[in-house]
Amino acid sequence: MPRLMIMLAGLACGAMLASSAQAQSTASLSGGPANFFERLFGGLASPAARQVVIWRGTQQPGTIVISTSQRRLYYVLGQGQAIQYGIGVGRPGFAWAGTKTVSMKREWPDWSPPAAMLRRRPELPRYMKGGVGNPLGARALYLGSSMYRIHGSNEPETIGYAVSSGCIRMTNADVVDLYNRTRVGTRVVVLR
């Protein structure tokens, strides 16, 4: 992989089932389009396997809850369950908390580094077309009018670490799964 591509990759923003019906509904956790990305990217998986977990929060089904301290993202299913994903989060000085909504969704998104990132790293390209080498990975969920996104990563080894410029990173397989479950307008709660 060319040196510039390696540098770019590091820069992007950064259970228990009660019934067989629920077990069938979670079969898609390991199937479908996400498996394509697991094969495409050499079977690399998150250090925290995607799984259905017990959820004791009060959020409505369909809400995304992000715990930056746990480095986990939860997609609330309802009936006391959520899907848990491993994530990468903002490095020190770039962490944030708050409530946003998904304002836009993109497959294989293009990337333009924000002005603040360009000031820190003037050698970066001003624009990069979406694709396998793009730091935003296979999918992106844009959060309100902010510069933050939940996106894939071409560096799955960074999942579980605080390395981004504030964005939430997922493996490409996991972000495809979340993307397929999420709609524009979805509430996203980010906790420290």
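The values are calculated or read from the model by the stated rules, or taken from the named source; none is laboratory data. Remember, it's a predicted structure, so these values are computed and weren't measured experimentally. Cβ: placed from backbone, ideal geometry, glycine included. Neighbour counts: every protein chain shown.
List of remarks:
- Selection from region 117-142 of residues that are of a type in the set (A, V, I, L, M) and buried (at least 24 other Cβ atoms within 10 Å of the Cβ): 136, 138, 140, 141
- Considering (1) at pLDDT below 95; (2) over 13 Å from residue 106 (Cα atoms), the lone condition that residue 169 does not fulfil carries the number (1).
- Residue identified as more than 17 Å from the chain's Cα centre (by Cα) and surrounded by 13 or more Cβ atoms within 10 Å (Cβ to Cβ) among 89, 76, 53: 53
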